[in-house]
1. If you check every pair at least six apart or on different chains, which have Cβ atoms under 6 Å apart with a residue in the range 34-58 that is without any contact (Cβ under 8 Å) to a residue 60 or more places away in the chain first and a residue that is aliphatic (A, V, I, L, M) second?
2. Quick one: is Thr215 over 25 Å from Pro26 (Cα atoms) and of a type in the set (Ser, Thr, Tyr)?
3. Collect the residues in the range 230-263 that are surrounded by 15 or more Cβ atoms within 10 Å (Cβ to Cβ) and of a type in the set (Asp, Glu), keeping them in residue-number order.
4. Condition first: more than 22 Å from the chain's Cα centre (by Cα) and outside any loop (DSSP other than H, G, I, E, B). Now tell me which residues in the range 1-30 satisfy that.
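We did not get these values from a lab; they are worked out from the coordinates using the rules stated. Nothing here was measured: the structure is a model prediction, and the numbers come from that model. FYI the Cβ positions are ideal-geometry reconstructions off the backbone, even for glycines, and counts take in every protein chain you see.
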Amino acid sequence: MLFSDRESCRYARSPLREVICQLRFPAILSIGNVEPADFQESIREDFPLYAAKQETPAPRVVGVGSPTPKLETPPTVVNYNFVSADSLWKINLTRNFIALSTLRYTSWREFAAKLDKPLAEFIRIYRPAFFERIGLRYVNIVSRSALGLEGTPWSDLFERAYLGALEEPDVAERMVSKCAVELELNLDSSCRAKIHAGPGMVKNSKPGAPEDQETKFILDMDLSMGGKVTANLAAGGMETLHGHATRLFEGAVTDTLRQAMGPLD
């Protein structure tokens, strides 16, 4: 099953590693030319830590099909970071997008509330013409050891659409070194989903930390809404994406995994 009609549920042992919401808009050149002091002041109580980073986008080939195609390096972009005191929540602002990310997602209500003020202040100060793309990404990493499921095959925890060859009865999980499902699909007339699912190793980003030897299951769901979304409709667009994400996640996991995660609702 790809979709489920189950309502959104909170889990005591949620596999969510990171949640990101990004809203892209036509370039506003004043962001990057002048430090966003007014914006910082409006959100500094919740995001007191600040840093600005110079980033160089990946080179791209221009003039494809012409006699003289060439590799072009886009100009550097200033990425302004506003981080909560506990370093678990972060606002990113560039001349093309504003984003909220968290390493401690507990509920959609809390996440949306955290974004509400920064987004409102951004709209008030910079007055974007519209949003070209609204994206909502959920990175789930399921650890069998953390859930007390050692020895349980992935085929007992995830639905067949996300298992690929692991779903076949004559394929032993221990013999498979790599197996991933990549899926892109339309969710409705304006929303799309790009999904990566499959087992893999997760690198530990902390300096000096030992390598994690456990194979985990990664379910990375990147949902987006395109078109010209006006500022007053942005919140509704995010709610729509969240609704699609709920149907996809609940359609991906089995009752065995649900019970191990500990449903709270």
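1. Between residues of the range 34-58 that are without any contact (Cβ under 8 Å) to a residue 60 or more places away in the chain and residues that are aliphatic (A, V, I, L, M), the close pairs are Pro48/Ala85; Leu49/Val83; Ala52/Val78; Glu55/Val77.
2. yes
3. Glu250
4. Listed by number, the list holds a single entry, Ser30.
Yes/no matrix, rows are residues, columns are (1) over 23 Å from Leu233 (Cα atoms); (2) of a type outside the set (Phe, Trp, Tyr); (3) touching a strand residue (DSSP E or B) at 6+ places or on another chain (Cβ under 7 Å):
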| site | (1), (2), (3) |
| --- | --- |
| Asp116 | no, yes, no |
| Ile123 | no, yes, no |
| Ala146 | yes, yes, no |
| Leu149 | yes, yes, no |
| Trp154 | yes, no, yes |
| Ala165 | yes, yes, no |
| Val171 | yes, yes, no |
